[in-house]
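Okay, structure first, notes after.
The values are calculated or read from the model by the stated rules, or taken from the named source; none is laboratory data. The structure displayed is predicted, hence computed values, not measured ones. Cβ placement follows ideal geometry from the backbone for every residue including glycine, while neighbour counts extend to all protein chains displayed. Heavy atoms of the whole protein, side chains included, go into the accessibility calculation; ligands, DNA and RNA do not. Shrake-Rupley method; radii C 1.70, N 1.55, O 1.52, S 1.80 Å.
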Amino acid sequence: MDVQRKLEILADAAKYDASCASSGTEKRDSSDGKGMGSTAPGMGICHSYAPDGRCISLLKVLLTNACNYDCLYCVNRASSNVPRARFTVDELVKLTLDFYRRNYIEGLFLSSGIIRSPDYTMEQVVSVARKLREEHHFRGYIHLKTIPEADDALIAEAGKYADRLSINIEMPEETSLQQFAPEKDVRAIRRTMGRLRLKLDEAEEDRNAKTKAKPQRFAPAGQSTQMIVGADAASDQTILHTSANLYGAYRLRRVYYSAFSPIPDASRALPLIQPPLLREHRLYQADWLMRFYGFDVAEIVDDSAMLPLDIDPKLAWALRHRDRFPLDVNRASREELLRVPGFGTKTVERIIATRRTTTIRLADLARLHVPRNKAMPFIVLSDHRPTPHRLDAVGLIERFKPKATQLGFGF
């Protein structure tokens, strides 16, 4: 099998991993001689985003889609009837360098099915990163998937070469993992996460130590994980509790939520349709509230244990707690301002900086790029005060819901 065909198979097999997400869009190309560039087929190139907002292109691919395990939710499971392929280490190194030299990519995202043993698979994955770094002095971004239960020395070596390491928690609950992936052990996954955290902590201590010795390098972009949403009956509340635990126990940089996608020849134990992608989006919004806005899981989700799909979770919280509003923007604390619908973290910082020198008025919000339509019922300014009946109105929620639109008929 030539490298082109391997790339087609192994890039397609990697698309279910959301750890470096590529935005979905329509397929376009210039094969008809008109225009320039394309969005398809991509051949494994996806877009990821750095913490400062930069968009970077990564070659997202598997080393192999052959796998010893038979996880029901995975298209690459042992019993799956899909074409199989495997890159050699040298093929993948050359492919990465060729793409990089052509300015197609700025880095590599590498995962793999588990073959022979966790140690053998991890050693192959690490070999790619080692060759890129040591033999070719590759300075681009590298994200490696960690194989659970791989030898500690291999994990340490992976962190030496990778910018980020990740290991998928797979399912929100241990019972679900036992049902869908009985060969995987959630305790082994968490043990590996714990070992990664210890090494990350040690590397951080080395960096902070005031010595002349060069600090050890270990995955400076930290570790992340991915959870499948909608394959089991876990509620949003359960999913967010699992995420909160992972952030607290293992200091993860990110938990990625991947809406379950029906796969060919799927097990009857799996749902026939995928959950709404909006559910995945709302979980990301709720995750953001936990990490940057000081919300607790119990505050984000109401008694239904599910996030509303028609409005975002922060607005839903504000509508459930109208007694805390309206809030005086010129006097409220940072923590209070962060709970105003429409106010992001940067907006709040701009408001706090501005009100040190002047009183914020209605016209100032536009200059601060605040989405006023969402915030106005919940805030007080020197020249704006919402009427009490407006905030208490039963129909206030309708103001924020998307307008119904008529389906098109093509005429």
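Ordered from highest to lowest accessible area with the whole protein assembly present and a 1.4 Å probe, Leu272, Leu108, Leu362, Leu309 read as Leu272, Leu309, Leu362, Leu108. Segment Ala353..Asp70, full-extension length gain: 96.4 nm, with 0.36 nm per residue of separation and the alpha-carbon distance subtracted.
Quick check on my link table: of Lys6/Lys94; Lys160/Lys214; Lys15/Lys131, which ones sit more than 19 Å apart, alpha carbon to alpha carbon? The pairs that break the limit, which is 19 Å between Cα atoms, are Lys15/Lys131. Approximating the spin labels as points 7 Å out from Cα along Cα→Cβ, the Arg5-to-Leu368 distance works out to 6.2 nm. For Glu183 and His384, the FRET efficiency from 1/(1 + (r/R0)^6), where r spans their Cβ atoms and R0 equals 60 Å, is about 0.50.
Heavy atoms of the protein chains alone define the surface here; on that basis the chain has 51 Å² accessible area per residue at 1.4 Å probe size.
Hull volume per residue, based on the alpha-carbon atoms of region 275-411 and their convex hull, is 154 Å³. Computed extension gain for Asp201 through Leu391, at 0.36 nm per residue and net of the alpha carbon distance, reaches 63.7 nm.
In region 197-332, the ratio of gyration radius to Kirkwood radius, Rg to Rh, stands at 1.10 when only Cα atoms are counted. Which of the aspartates and glutamates could a cross-linker bridge to Lys184, judged by Cα under 12 Å and excluding same-chain residues fewer than eight apart? Qualifying aspartates and glutamates at Cα under 12 Å: Asp70, Glu149, Glu170, Glu174. In terms of its Cα atoms, the chain spans 70, 68, 53 Å along the principal axes, sorted from long to short. FRET efficiency for the Ala213 to Arg116 pair, using the beta carbon distance and R₀ = 60 Å, is estimated at 0.95.
Result for the chain in a Gaussian network model with C-alpha springs under 10 Å: among Pro308, Pro388, Pro262, the largest mean-square fluctuation is at Pro388.
I'd like to know which of Thr64, Ile115, Asn208 lies farthest towards the positive end of the charge dipole of region 64-222, counting +1 on Cβ of Lys and Arg and -1 on Cβ of Asp and Glu. Going by the Cα projections, it comes out as Asn208.
Of the residues Ser258, Gln237, Leu277, the one whose Cα sits farthest towards the positive end of the charge dipole of region 214-348 is Ser258 (charges of +1 on Lys and Arg Cβ, -1 on Asp and Glu Cβ, taken about the Cα centre).
Here's how it looks for Glu170: its modeled amide H is under 5 Å from those of Gln226, Ile228, which are all 5 or more places away or on a different chain.
When the Cα atoms of region 105-203 are aligned to their principal axes, the ranges along those axes come out at 44, 29, 24 Å in descending order. In the elastic network of the chain, a GNM with C-alpha springs shorter than 10 Å, the most mobile of Val82, Val255, Val301 is Val82.
Under the convention that each Lys and Arg Cβ holds +1 and each Asp and Glu Cβ holds -1, the size of the dipole of the chain around its Cα centre is about 1480 debye. Basic side chains Lys and Arg get +1 at the Cβ, acidic Asp and Glu get -1 at the Cβ, and with that the dipole of region 279-411 about its Cα centre reaches some 580 debye. Cross-link partners for Lys401 among the lysines, with Cα-Cα distance under 23 Å and sequence neighbours closer than 8 places in the same chain left out: Lys314, Lys374.
Full extension of the chain between Phe292 and Leu272 yields a length gain of 3.7 nm, computed as 0.36 nm times the residue separation minus the alpha carbon distance.
Using the rule -39500 (n - 2.57) for each DSSP H run of four or more residues, divided by the residues of the chain, the 222 nm mean residue ellipticity is -10500 deg cm²/dmol. These residues, Tyr161, Tyr16, go from largest to smallest accessible area, 1.4 Å probe, as Tyr16, Tyr161. The amide H of Gly107, built 1.01 Å from its N in the peptide plane, has Leu59, Tyr141 as neighbours under 5 Å, considering only residues 5 or more places off or on other chains. Considering only Thr354, Thr64, Thr146, the Gaussian network model of the chain with Cα springs below 10 Å gives its largest mean-square fluctuation to Thr354. Sequentially through region 154-165, phi angles give Karplus couplings (6.51, -1.76, 1.60; θ = phi - 60°) of 5, 4, 4, 5, 4, x, 5, 9, 8, 7, 9, 10 Hz, Gly and Pro residues having no value and appearing as x.
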